[in-house]
Structure formats: C-alpha cells, structure tokens
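Notes follow once the structure below has been shown.
The values are calculated or read from the model by the stated rules, or taken from the named source; none is laboratory data. Not measured: the values here are computed from a predicted model. So basically every Cβ, Gly included, is an ideal-geometry build from the backbone, and we count neighbours across all protein chains shown.
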Amino acid sequence: MEASSRAATLQVHERLEQLTRPASGVLERAKDRITGQPARAATGPELLALADELFAVSRVLTSQLSLRRAMADPAGKPEERAELVRRLFASQLSSTALDLVETIARQRWSHPIDLVDATITVATEASLDAADARGELDGVEDELFRFGRIVAGDRELARILSDRKASVEGRSALLDRLLSGRVSPVTEQLLRNVLTGAHVGTAEVAIERLSEVASRRRGQSVARVTSAVPLTRAQEQRLTEVLGRLYGRAVGLQVTVDPDVLGGLVIQVGDEVIDGSIAHRLEAARRRLAG
C-alpha cells in the first residue's frame, strides 16, 4: 500500500476511535453533543454488529469494480463521493457504519482496491475492539493461533480454505462445522470474514496476520517458537524476558511443538528468524562436510 493510501487508512482508523470512544470531561462531552458523536463507549455487541456491517461493505466493494473506482476517483470532490455512499448505503447501514464508509470515500487512495483493504482493516479493528470490550482479547489471540496451527497441520483443510475458486457457501459451511460453539464470537467473525474473502491468499498466512494484529492490540510483538518438546512455564517466562530485552518491547510467545527440530528452538519475530535447532546445526555441518 502506497503512502497516500496508508495515510487514508490511518484517517479512517482515527474516525473509528472517535465514533466508538467514551467521552470524558466536560469539554469532550460538549464536543460530542456538537458533533453528534456518542457520549459513551460502544458496547461489545454494538462493535460486533459494526464489524459485520463493514465486512459486508468490503464484500460489495470487492464485487463492484465500478463502485470502488467511483469512490476512489481523484477527479471527484470528497463530498460528492461521500454523497454517493449515502445514496447507496444510507438505508442499509447504521449511522456509525455509514459515517465510516463516507470517511473512506472522502480519502485519497493510491488505487481503488485499497478501499477494500482499508474497509477490511477497520472492520477487523472494530471486531478486536469488541473482544477488548468483552474482556476476551487474550483468548481471541490464543484461538486464532490455535486455529492457525490446525490449518497448518492439515494440508487438505489449508487447500480448501485457500482456494479462491471454492464457493463462499462451501467455505462458510466448513467453517461453521469447525468453529460454531467452539470459539469466541469475535474469533468466529474474524475467521469467517477473512477466510471467505476473495483475496484470502494462503489461509495460514491470513490467520497469522490476524493473530499478529490481535497481539499488537495487547501492546506486544509475537514470537513464534518451535520446540522439539513442550516448554515449561519457567522456560517460557525466561524466554519472554530474554526476547523482551533483545527487542526492547514486550514479546508474547506462541509455541508449537515439532519433534523434527530434534532439540533447541526456532524463533521467528516478524521477518527475523533465529534458528537454534539441532536439526539446523546438523544440516549446516552436513553442508560444510559436503563442501
């Protein structure tokens, strides 16, 4: 995403916060009365409903090339683009969702497809806001990680969920069987909408990104740790402290057990991989001998 679209996405995110934040103090409450913004924080159910609306808009924008081109047309005035949104969506969306989609239409976008990405981004943020309001953010992150491990360990499941040609109905039915009643409504909402989207790409990567976004909301980075055996609580605490000092910020662990590493650890933080596994050292020794 280019600079103008990144800046536009930030503006939309800030508008989400303005519309769903609590008012505090006399001045803030006065501003709320003037601007029409809510005088209280949005509740968990309200945020879940808002996320559903925004995900639905993203699906419309994905399927309607002419609409997203019109909403991103730099030749049109921002208010004209917002008026187009009002004509199309006013009877279908809540006032908060409509305000956010109007905000999206008023921004300057590098490419029309960036509107879709921004709408999905703000829908995801609203869903995670719901998790926060429900006191479930930690649990949602853990559920996303665990489901990602299930997908990574099942080639057929990963293939079906990653197949853009597979019907949305078929993928939705599969996710119903896997998720309904087993995870938080927020986790189900995020996985269902992201994994049935037209631009899902690789399912495992899409789930990892969701997990990372949830972790950042908790104010920490994610370290994906692969170990030959389960780590004890003391080992996890020690590793968390070491990585925190190394990266200068809080780091949360997502641990996967894989006997193939033989011993040691493989640690991935963002794009950086620290491979201290015995399997890696044996392979390096083999290459040196072969050379």
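Can you find, within region 235-291, the residue that is farthest from the chain's Cα centre (by Cα) among those that are part of a helix (DSSP H, G or I) and among the β-branched types (Val, Ile, Thr)? Write out each step before concluding.
Within region 235-291, the subset part of a helix (DSSP H, G or I) is 235-247, 259-261, 278-290.
Now drop any that are not among the β-branched types (Val, Ile, Thr), which leaves 240, 242, 261, 278.
On the way: Thr240: 23, Val242: 27, Val261: 30, Ile278: 34 Å.
Only one residue tops the list, namely Ile278.
How about region 255-274: which of its residues are touching a residue at least 40 places away in the same chain (Cβ under 8 Å) and closer than 9 Å to Ser227 by Cβ? Before the answer, list the steps.
First, pick out the residues of region 255-274 that are touching a residue at least 40 places away in the same chain (Cβ under 8 Å): 256, 265-270.
The answer is Thr256, Leu265, Val266.
Looking only at region 192-234, how many residues end up being in a helix (DSSP H, G or I) and without any contact (Cβ under 8 Å) to a residue 60 or more places away in the chain?
11
Under 6 Å between Cβ atoms, which residue pairs at least 6 apart in sequence (or on different chains) link something in region 162-180 that is touching a residue at least 12 places away in the same chain (Cβ under 8 Å) with a partner that is surrounded by 10 or more Cβ atoms within 10 Å (Cβ to Cβ) and among the charged types (D, E, K, R)?
Here the result reads Leu175/Arg192; Leu179/Glu188, each pair linking region 162-180 to a residue that is surrounded by 10 or more Cβ atoms within 10 Å (Cβ to Cβ) and among the charged types (D, E, K, R).
Among Ala30, Ala49, which is modelled with pLDDT of 95 or more, assigned to a helix (DSSP H, G or I) and either more than 23 Å from Glu212 (Cβ to Cβ) or of a type in the set (S, T, N, Q) (or both)?
Working: Ala30 fails: modelled with pLDDT of 95 or more.
Result: Ala49 is the single residue among Ala30, Ala49 that is modelled with pLDDT of 95 or more, assigned to a helix (DSSP H, G or I) and either more than 23 Å from Glu212 (Cβ to Cβ) or of a type in the set (S, T, N, Q) (or both).
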